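Trainee: Following this message is one structure expressed as structure tokens.
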Amino acid sequence: MSRDRDHNFDHFHQRFKQNIYASLKGRLRLAILWQDVQQHILPLAAGRPLRVLDAGSGMGNFSQRLHEQGHQLLLCDISGKQLEDARLNFSAAQASDSVRFVQQPFQQLADDSDQQFDLVLSHAVLEWLTDPQQGIGALQQLISPGGWLSLLFFNRHSLIYRHLLNGNFKRVRSGDLAGEGKYLTPDNPLIPEQVYDWLEDSGLQIVACSGVRTFTDFMDRGMRDKLPFEELLEMELRYSSQEPFRSLARYIHVICHKP
């Protein structure tokens with residue numbers, strides 16, 4: 001277990017910014033996550049401001065929506081460049097003192113502080129850790145009793161399926177599916193069933209699970225680019241919680257409760 005080997009996006013900063021946040025894929029991801037959180041978590045807040053930790057926040061795109069609703073935020077990331085952009089984004093939105101920024105691993109935050117939060121976000125972080133199971137343990141420590149975890153992770157099943165469709169049988173046979181440094185394929189694509197076991201072993205209760213981008217990543221790009229965003233989102237939301245579509249989605253979003 002070595003946190004200093006967890007992936008730092010400083011050197012991929014511009015590519016990440018363009019390929020994720022400024023893309024159709026990124027817009028769909030944010031929209032589906034927001035739908036899930038609005039449905040399963042925010043109604044339980046009963047109008048009170050939540051203490052929210054964005055663990056591995058990146059540029060804070062999702063957190064900004066929570067800030068607009070009056071929640072108190074701590075953004076934590078190991079990438080200085082990502083946090084710099086997050087600060088600029090919140091400054092442009094005239095964010096108040098209810099937003100703080102910390103450049104450090106969220107695991108260290110769990111070790112060095114007794115802080116706990118009503119809601120912990122960990123979106124597309126787990127698959128970049130050298131020890132994702134230990135990462136779940138750290139996230140669990142950071143959640144207040146009665147609090148919530150919104151966990152998004154990269155689905156290994158989807159990656160295998162994509163390689164099969166592309167005829168990359170050698171990669172599938174070898175089982176070596178980690179990224180090669182040139183692309184944004186993560187170091188540790190995860191098996192959903194294993195993640196579910198880790199969550200339950202840590203004492204977290206899974207209350208909802210959905211797929212993020214169940215079909216759009218597999219579409220012909222020319223066809224996909226012709227369709228209105230609203231129609232793509234409508235179909236994604238329709239099938240996000242249905243099997244077998246959920247288990248083939250590019251990402252899996254799990255909402256957990258800490259008793």
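The values are calculated or read from the model by the stated rules, or taken from the named source; none is laboratory data. Worth saying up front: this structure is predicted, and the values here are computed from it rather than measured. Quick reminder, even Gly has a Cβ in these numbers, built from the backbone with ideal geometry, and neighbours come from all protein chains shown. In case anyone asks, the SASA skips ligands and DNA or RNA and just uses the protein heavy atoms, side chains included. Shrake-Rupley method; radii C 1.70, N 1.55, O 1.52, S 1.80 Å.
Trainee: Could you figure out which of (1) surrounded by 23 or more Cβ atoms within 10 Å (Cβ to Cβ); (2) in contact (Cβ under 8 Å) with a residue 40 or more places away in the chain isn't true of Ala86?
Mentor: Checking Ala86 against (1) surrounded by 23 or more Cβ atoms within 10 Å (Cβ to Cβ); (2) in contact (Cβ under 8 Å) with a residue 40 or more places away in the chain, the one that fails is (2).
Trainee: Which of the residues that make up region 89-108 are at pLDDT 90 or above, part of a helix (DSSP H, G or I) and open to solvent by less than 40 Å² (accessible area, probe 1.4 Å)?
Mentor: Those that are at pLDDT 90 or above, part of a helix (DSSP H, G or I) and open to solvent by less than 40 Å² (accessible area, probe 1.4 Å): Phe106, Gln107.
Trainee: If you don't mind, another one. Taking the stated definitions as given, is Glu243 modelled with pLDDT of 95 or more and surrounded by fewer than 11 Cβ atoms within 10 Å (Cβ to Cβ)?
Mentor: Working: modelled with pLDDT of 95 or more: yes; surrounded by fewer than 11 Cβ atoms within 10 Å (Cβ to Cβ): yes.
Taking the combined requirement at face value, the residue satisfies it.
Trainee: Can you tell me which residues in region 14-52 are of a type in the set (Val, Ile, Thr) and modelled with pLDDT of 80 or more?
Mentor: Once the filter is applied, which keeps residues that are of a type in the set (Val, Ile, Thr) and modelled with pLDDT of 80 or more, region 14-52 yields Ile32, Val37, Ile41, Val52.
Trainee: Looking at Asp225 and the list (1) open to solvent by 60 Å² or more (accessible area, probe 1.4 Å); (2) more than 26 Å from Ser63 (Cβ to Cβ); (3) at pLDDT 95 or above; (4) out of contact with any helix residue (DSSP H, G or I) (no Cβ under 6 Å at 6 or more places or on another chain), which single condition is not satisfied?
Mentor: (3)
Trainee: Mind checking which helices (runs of 4 or more DSSP H) fall wholly inside region 124-187 and carry at least 1 residues that are in contact with a helix residue (DSSP H, G or I) (Cβ under 6 Å, 6 or more places away or on another chain), among the β-branched types (Val, Ile, Thr) and open to solvent by less than 10 Å² (accessible area, probe 1.4 Å)? Write out each step before concluding.
Mentor: On the way: elements: 132-141, 156-165, 169-174.
Here the list reads 132-141.
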